Every structure is written in structure tokens, then in C-alpha cells.
Amino acid sequence: MKYSFVSHLYCPKCGKNYDTEDQNQLCKCGSPLLVAYYMEELKKVLRPEHLNERRPDLWRYHELLPVKREENVVSLGEGMSPIIKMDVVGKDMNIPNLYMKDEGLVPTGSFKARGAAVGVSKAKEVGVTELAMPTNGNAGAAWSLYCARAGISSTIVMPVDAPEVTKKECLAAGANLFLVDGLIGDAGKIVANAVKEYGMFDASTLKEPYRIEGKKTMGLEIAEQFHWEVPDVILYPTGGGVGLIGIYKALRELQELGWIDEMKMPRLVAVQSEGCAPIVKAWEEGQSYAEPWQDASTIAFGINVAKALGDFLILDAIRQTEGCAISVSEDSIMSELRTVSSFEGAFVCPEGAAAFAAARALREQNWIKENEKVVILNTGAGIKYPNTIQGDSNVLHPEEALVMDKDVSR
Ligand SMILES: [Zn+2]
């Protein structure tokens, strides 16, 4: 049987098709391209039980991924992250069926490894030797490491304020790292000029069509981990929004295969910070596109994206699933991070904490009903953001006894 059932690339705006053997970027009309598969053919030969014997990584879905020849797969074991029941926080929020899918456990400590694994593998397959990308940190870290494994040279441009650990990862991987005294949009402009100047492949979010296919596997996994009965609500911290677009695409494809109920879609929720909420504003105003957000700033650095190229796809996915977009305050992100970490022992990233804060708010508004099954994507490990936790610890002399303040409960 074929390793991949990929058919072609298509433009969701103008409908033009492209060949997956070529090095593709955006459509001529400026829209991102999406990947199509031979679904009818695949439906006849693949069943969910075929997956049971496969390795627990995202390549278990290789028929629904764009890499045609298995020898081109560049993998560090990414995918099949755990889904964890959050009983204590769930009780606190009055959402008894609250789950977290923990992407902090994939290689490089963030969900960006999924997009990097599939994007870099496909880049290798179509003969890319040098690529460049702007990033808020984690994607650059993941792509530079996967590029190192693939023997592809990488040039990464990120804001000078990006998390320190992600810069070190790029340097460890041997990437050409540049910092810009600005936002990811500024990094994007620098990359756009550099790829023209030096003939590099542009791996910017959605300017290459395959990262989304990697992110899509989060949706495939959620469906499989819930035994092909999808949850009611999925909350996703949204910057570029590729994960949300990908999860939506995954669920549609599973419906086409007949593996999940055609009538039931989880309501998809795009979560942003009040410091950068272009998608929420567009959603509330009923727009199809988002205006660039002015003076974007948030502690949840990964979702500090003033203008997402795939904004219309994010807004469409929310509408089609009867979901919503919601912004949360910076204070609520920090307090939720502490709550989840201390109640559940899960040191989530600020972006994940934002999604928890959104779940709490949506339950209070009764948008989430009490007995609904709710999944929160924690997109990365808290240890990648050591500066989010402040606090003084007492330093003792070796001979000194520690004194506990017994009046302070946990
Ligand atoms: Zn087009």
C-alpha cells in the first residue's frame, strides 16, 4: 500500500491546484495552500484498527500526511502526547470532564515539533537544502533542530524578547540565528527579503503548506485517544492559529473517512490574550479577516501574533463548528498558571494557562455546559519559560534549621 495518499495542493481562496513534487509556497493569489488526499481510495483500505499495531508517534497516520517516501521522514519521536484528566482544576472550574493534551512532552518541549517534523521531512523530499523562517521562539527552535537532523541549513529570525531557551536551542542546532528589536511581523519582513536575496526556501507560518499537516495530527490523536468519539469543546491558544486550522482539517478528514460521527464536531475555541486579540476582535465584529493588532504584547509570547496569515481559515473553523474566540487578561494567565501547576502538578506554559483561563470564563458564562467533555491544548512545557515564575526562597546557612510558618496553608 502507498505510504501517503496525498493527492495535490489546492488554494482555499481561488481554487487553483499545485503539484506536491514542487517546492511550493503561497498560491499566486497570496493565499496559503492546503493539502488534499485521495480520501475515497483511502477509505476503502484503511480502518482505525490498523493503527493499533503502529508506533506511538504522529507517523502512525502516514497515509494522511504528505511525505510520499518513508525514507524522507525526519523524526525525533514526536506525537501521541498524553491526554490527562484534570480532576482538581476541573472541580474548581465546575467542569468535571476537563482534560489536558500535554504538548510539553514532545521533542523540543512544544507542539511546534509536529509542524517541524512534517514540514522538514517534506522539504527534504522536494529537495530543499536551505530554509529561513521568522518565529516567536519555539517554532524556530523546533525547525532548526529538525533541519539539523535532515542536513538542511536553517536561518531563524526572532524577536529579541523571545524566550531565552529557544535561542539556545537554535544555536545548539547550528542555525543562523538573528534577533530583531521588534515583533514577529518585523522578523517576517526580514525573512521575506532574505529568501529573495539568497534563494532560500521560506518556511514562514502557512507560506509553506505542510506545517499545518503536522499540526493536524493533534486532532487525529484527540479523536483516537477518545476512541473516535470526539469531545464537546477544544480550546486552543491562538497566535498564527495553524494548530486550530489543523485540528479542524483533521476532524473533517476523519468524518470523510467515516471514522467519527458526521454530525458531531467539537466546538473549537480560539484563545488569545487581551494584549493581542485580533482574532477575537474580528470574531466579535463578524468579520472574515482580522485587522493587525496595534502594540501587541503578552506574557504568553507564543500567541503574540498581531496579524495571522491564516486568519480567515481560523475564523471559518470557529464558525463552522459553532465555536468562539475569547481573550483573557494577563493577570488571569499568570494566576491560572499557578493554579494548574499547584493543583495538578502540571507546569504548563503561559499559552496553555491562557486556555485554562478561557475555559474557566466560558464555564462561568455557561457557554461550556457542566457535563461537557472539554480538552485544553497545553502547547508547551512550562520549563521553557523559567521567568514566568517569580518568588523568593530563603537561603539557609548549612548549620541553620529551617522554620516553617505553620499558619500558611498551601
Ligand atoms: Zn489562490
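The values are calculated or read from the model by the stated rules, or taken from the named source; none is laboratory data. Nothing here was measured: the structure is a model prediction, and the numbers come from that model. Note: ideal-geometry Cβ built from the backbone for every residue, glycine included; neighbour counts use all protein chains shown. Just the protein is used for accessible areas: all its heavy atoms, side chains included, with ligands, DNA and RNA removed. Shrake-Rupley method; radii C 1.70, N 1.55, O 1.52, S 1.80 Å.
Structure summary
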| read-out | value |
| --- | --- |
| Selected residue (only one of 123, 132, 117, 141 is closer than 24 Å to residue 354 by Cβ and open to solvent by less than 10 Å² (accessible area, probe 1.4 Å)) | 141 |
| Inter-residue pairs, beta-carbon under 9 Å, first within 11 Å of residue 174 (Cα to Cα) and in the stretch 145-159, second assigned to a strand (DSSP E or B) and aromatic (Phe, Trp, Tyr), 6+ apart | 152/201; 155/178; 156/178 |
| Considering residues of the stretch 282-310 that are modelled with pLDDT of 95 or more and not in a loop (DSSP other than H, G, I, E, B) only, the residue least open to solvent (accessible area, probe 1.4 Å) | 282 |
| So residue 168, is it surrounded by fewer than 22 Cβ atoms within 10 Å (Cβ to Cβ) and out of contact with any strand residue (DSSP E or B) (no Cβ under 7 Å at 6 or more places or on another chain) | yes |
| Cβ pairs under 6 Å, 6+ apart, first in the stretch 20-32 and open to solvent by 20 Å² or more (accessible area, probe 1.4 Å), second hydrophobic (A, V, I, L, M, F, W, C) and within 7 Å of the ligand (Cβ to nearest atom) | 29/14 |
| Residue identified as of a type in the set (D, E, K, R), within 30 Å of residue 41 (Cα to Cα) and over 19 Å from the mean Cα position of the chain (by Cα) among 330, 285, 336, 256 | 256 |
| Any hit, the stretch 21-29, residues being more than 16 Å from the ligand (Cβ to nearest atom) and either at pLDDT 95 or above or touching a Leu at 6+ places or on another chain (Cβ under 9 Å) (or both) | yes |
| Residue satisfying all of: in the stretch 173-210; free of Cβ contacts under 8 Å to residues at least 12 places away in the same chain and not basic (Lys, Arg); most open to solvent (accessible area, probe 1.4 Å) among these | 197 |
| Any hit, the stretch 3-19, residues being among the hydrophobic types (A, V, I, L, M, F, W, C), more than 16 Å from the ligand (Cβ to nearest atom) and over 27 Å from residue 127 (Cα atoms) | no |
| Number of the exception - residue 16 against (1) open to solvent by 80 Å² or more (accessible area, probe 1.4 Å); (2) under 26 Å from residue 129 (Cα atoms) | (2) |
| Whichever residue in the stretch 49-86 is loosely packed, with under 15 Cβ neighbours inside 10 Å and assigned to a loop (DSSP other than H, G, I, E, B) and, among such residues, is nearest to the chain's Cα centre (by Cα) | 82 |
| Residue within the stretch 215-234 that is farther than 20 Å from residue 352 by Cβ and among the polar types (S, T, N, Q) present | no |
| Any pair with Cβ under 9 angstrom, 6 or more apart, that starts in the stretch 243-262 at a residue that is hydroxyl-bearing (Ser, Thr, Tyr) and ends at one that is open to solvent by 10 Å² or more (accessible area, probe 1.4 Å) and not in a helix (DSSP H, G or I) | 248/265 |
| Some residue of the stretch 98-115 being over 23 Å from the mean Cα position of the chain (by Cα) and over 30 Å from residue 183 (Cα atoms) | no |
| Single condition residue 244 does not satisfy, out of (1) in a helix (DSSP H, G or I); (2) modelled with pLDDT of 95 or more; (3) open to solvent by 10 Å² or more (accessible area, probe 1.4 Å) | (3) |
| Helices (runs of 4 or more DSSP H) wholly inside the stretch 109-173 that include at least 1 residues being touching a helix residue (DSSP H, G or I) at 6+ places or on another chain (Cβ under 7 Å) and closer than 16 Å to residue 208 by Cα | 112-125, 138-150 |
| Enumeration of residues in the stretch 319-335 that are open to solvent by 10 Å² or more (accessible area, probe 1.4 Å) and part of a helix (DSSP H, G or I) | 319, 320, 330, 331, 332, 334, 335 |
| Residue within the stretch 35-48 that is buried (at least 19 other Cβ atoms within 10 Å of the Cβ) and within 16 Å of the ligand (Cβ to nearest atom) present | yes |
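Here's the yes/no breakdown for (1) free of Cβ contacts under 8 Å to residues at least 60 places away in the same chain; (2) open to solvent by 30 Å² or more (accessible area, probe 1.4 Å); (3) on the phi < 0 side of the Ramachandran plot; (4) of a type in the set (Val, Ile, Thr):
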site	(1), (2), (3), (4)
354	no, no, yes, no
359	no, no, yes, no
365	yes, yes, yes, no
368	no, no, yes, yes
377	no, no, yes, no
383	no, yes, yes, yes
388	no, no, yes, yes
399	yes, yes, yes, no
403	yes, yes, yes, yes
